[in-house]
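Below is one structure, written out as structure tokens, with a few remarks after it.
The values are calculated or read from the model by the stated rules, or taken from the named source; none is laboratory data. Just so it is clear, the structure is predicted and the values come from calculations on it, not from any experiment. Glycine gets a Cβ as well: all are built from the backbone with ideal geometry, and neighbour counts include every protein chain shown.
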Amino acid sequence: MPLISKDEPLKTSMVNVGYLIVKQLEAKKNGQASLTEVTGALMKHGISRHRPITFALCFLHMAGVIDFTPPYLILKKSS
């Protein structure tokens with residue numbers, strides 16, 4: 001499965017939305033943010049639909065970049 005489909009806008013691709021999520025988490029001192037904070041930041045970039053956000057979160061989690069500890073998304077430390 002390709003990461004980016006030729007039929008979807010690049011702005012809402014899971015790779016781009018995932019990048020914006022990681023950027024938001026990196027901006028935090030402790031590398032964690034609530035889902036509300038993350039979706040608020042994504043709305044500033046014009047991403048308000050749940051589908052691209054869900055796909056991006058799944059992509060980042062399966063890639064081992066983020067972890068979930070309710071109510072937070074946590075950026076995993078790279079080794």
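One table, with the values for the structure above:
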{"item": "Residue identified as without any contact (Cβ under 8 Å) to a residue 60 or more places away in the chain, in contact with a Leu (Cβ under 6 Å, 6 or more places away or on another chain) and not charged (D, E, K, R) among I74, I66", "result": "I66"}
{"item": "Hits in the range 57-71 - residues which are modelled with pLDDT under 95 and surrounded by 15 or more Cβ atoms within 10 Å (Cβ to Cβ)", "result": "F59"}
{"item": "The range 41-53 residues that are under 20 Å from E26 (Cα atoms) and in contact (Cβ under 8 Å) with a residue 12 or more places away in the chain, paired with ones that are of a type in the set (A, V, I, L, M, F, W, C) and part of a loop (DSSP other than H, G, I, E, B) (beta carbon under 9 Å, 6 or more apart)", "result": "I53/I47"}
{"item": "Where T12 falls short, out of the listed (1) touching a Pro at 6+ places or on another chain (Cβ under 6 Å); (2) surrounded by fewer than 16 Cβ atoms within 10 Å (Cβ to Cβ)", "result": "(2)"}
{"item": "Subset of the range 31-79 (residues that are among the aromatic types (F, W, Y) and in contact with a strand residue (DSSP E or B) (Cβ under 6 Å, 6 or more places away or on another chain))", "result": "Y72"}
{"item": "Close pairs (6 angstrom Cβ cut-off, 6 or more residues apart or separate chains): more than 12 Å from L73 (Cβ to Cβ) in the range 15-29, small (G, A, S) anywhere", "result": "V17/A56"}
